[in-house]
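Would you mind keeping the following structure in view while I ask a few things?
The values are calculated or read from the model by the stated rules, or taken from the named source; none is laboratory data. Source: prediction; values computed, not measured. All Cβ positions, glycine included, derive from the backbone under ideal geometry; neighbour counts span all protein chains shown. Heads up: the accessible areas ignore ligands, DNA and RNA and are worked out on the full protein's heavy atoms, side chains in. Shrake-Rupley method; radii C 1.70, N 1.55, O 1.52, S 1.80 Å.
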Amino acid sequence: MKAVKGKFFFGGVHVKDRKFLAKDAPLEELPAPPEVRIAMTQSYGRPAVPCVKAGDSVKKGSLIARADGTISSDVFASVSGEVTDVSELETECGCKDTFVTIRSDGRGEEQFMPPLKDPSPEEIIKRVRDAGIVGLGGAGFPSAVKMQPRSEVDTLIINGAECEPYLTRDYRLMLERTDDIVRGARYIAGALGAADVMIGIERNKPDCIAAFEKYDDVKVVALRKVYPMGGEKQLIYSATGRKVKLGQLPADEGVIVNNVATCLAVCEAVELGKPACEAVLTVSGRSIARPANVKVPVGTPLSYIIEQCGGEAEAPKKAVLGGPMTGVAIKSYDLYVKKTTSGLLLLSEKEAAAEEPTACLNCGLCADNCPMHLMPMNTAFYSSAGDIDNAVKLGGTMYCIECGVCEYVCPAKRPLIQAIRNTKAAVRAKNREGGK
Ligand code: SF4
Ligand code: SF4
């Protein structure tokens, strides 16, 4: 279907996208590492509970941990071999998580589920749950839960915006796995009972737009290139004109959004019986010798990926897991890929352009550009004073989508995202104590 133009949304910023570094690198499957360490927290919600112990033999696709409740996801071995350890390690956020360590036997034996032929909506949802699929656009929300919304849904939007600078994983998937993404989207739409399937793609990816225009049952929306176009609410408004209000879910407006990588994972789970045991990510930045888009087993050490991409071209000023706007700065490469990992960036001195924060200038630029109409300077001010109630009340913190626009535009380089994440963590801890 010929592409139509998307609408403008309030706020957002124009960022240098730096995608030229990796966009022409075709998807590449790296050889499996000798050892993987798989975290039990692989989704939004509770960590999974390990069901293997040291000495157990596993194949790629064997269940190694069970979801703990509805908002959690099953976890699978990503290589064949022997479980050598189940213990706690530090994660990229500095907190502890349980990891299952598997020493690969190099045989790559698989244990997948049987493929489904002409599945019913119920069978698709069950397969998505059994495959441990979570949203791969970043949030990691269990996909099967999203496929059973509380309101009727008429539209599925495939999120192909990929507005984060540097990241080109979705770009390559859209070019190289177009058919699989569309089939995955059809399964999701079928399970939801959604009559319309749309894909939103930023206008700076005309080759991807052309690739999807050939499907009669997919409406292509060419989106303005502005950050955060890939935010759910921003994408829904741009593609359909529907406004998801604060506190509402997309389904309340009849829409569900799924990232292109999630659609692909659903296709592979249905047609191949493959569970979520691999991740595709972009490795980029001036400080990596060979920028690339790679497929690796979940649990692959970051140090191994860097080595496979030629090592450091120069000592990076900053390393980031994810994209530069929403990712997490990391201090070590002794960390491990998760289902949701979309990028690993090694940024040079010039790219990182790190500056020391100064006092807030009360310029209001952070609020003026916030696509969610929030007051991030209030969150930062009150949270630094330990006044979490006012931080939330006057900053609107709990509606923040952590897009990073406020910090990007702040002339004083205030660490606004950190303040927002700290405030949300404090609220969640308080709710847990209160049993909410
Ligand atoms: S307050 Fe949240 S939603 Fe608003 S710009 Fe900052 S990170 Fe984005
Ligand atoms: S943009 Fe930065 S300096 Fe300006 S009000 Fe917001 S936090 Fe303060």
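For the ranges 9-16, 220-227, what's the packing order if you count other beta-carbon atoms within 10 Å of each residue, average per peptide, and put the highest first?
Descending packing order for the listed peptides: 220-227, 9-16.
For the range 294-436, with only Lys/Arg (+1) and Asp/Glu (-1) charged at the beta-carbon, what is the dipole magnitude about the Cα centre, in debye rounded to 20?
600
Sort the following peptides by mean Cβ neighbour count (other Cβ atoms within 10 Å, averaged over residues), highest first: 251-257, 330-336.
Result, highest mean Cβ count within 10 Å first: 251-257, 330-336.
Positive end of the dipole of the chain, charges at C-beta (+1 Lys, Arg; -1 Asp, Glu), about the Cα centre: which of Y44, V270, G61 has its Cα farthest in that direction?
With unit charges placed on the Cβ atoms, the residue in question is Y44.
Using the Karplus curve 6.51 cos²θ - 1.76 cosθ + 1.60 with θ = phi - 60°, what ³J(HN,Hα) values do you get for each residue of the range 100-109, in whole Hz, with x for Gly and Pro?
Result, rounded to whole Hz: 9, 9, 10, 8, 6, 9, x, 8, x, 5.
Return the long-range amide H neighbours of I288 (sequence gap of 5 or more, or a different chain), with a cut-off of under 5 Å between placed amide H atoms.
A313, L346
Separate question: Of the listed pairs K205/K243; K219/K331; K205/K318; K146/K295, which have alpha-carbon separations greater than 31 Å here?
Beyond 31 Å between Cα atoms: K219/K331.
Tell me the trypsin sites (Lys or Arg not before Pro) within the range 228-309 that lie in a loop according to DSSP and have at most 10 other beta-carbon atoms within 10 Å.
For trypsin sites (Lys or Arg not before Pro) across the range 228-309 that sit outside H, G, I, E and B with at most 10 neighbouring Cβ atoms in 10 Å, the list reads K245.
Charges at C-beta only: +1 for Lys and Arg, -1 for Asp and Glu. How large is the resulting dipole of the chain about its Cα centre, in Debye rounded to 20?
That gives a dipole near 960 debye.
Then there is this: Between the range 203-279 and the range 2-37, what is the C-alpha centre distance in whole Å?
14
Could you compute how much accessible surface C95 exposes when probed at 1.4 Å, giving the result in Å² to the nearest 10?
Near enough 70 Å² of accessible area.
Would you mind telling me which residue in C363, C163, C263 has the biggest mean-square fluctuation in a Gaussian network model of the chain, where springs connect alpha carbons within a distance under 10 angstrom?
Looking only at C363, C163, C263, the biggest GNM fluctuation is shown by C363.
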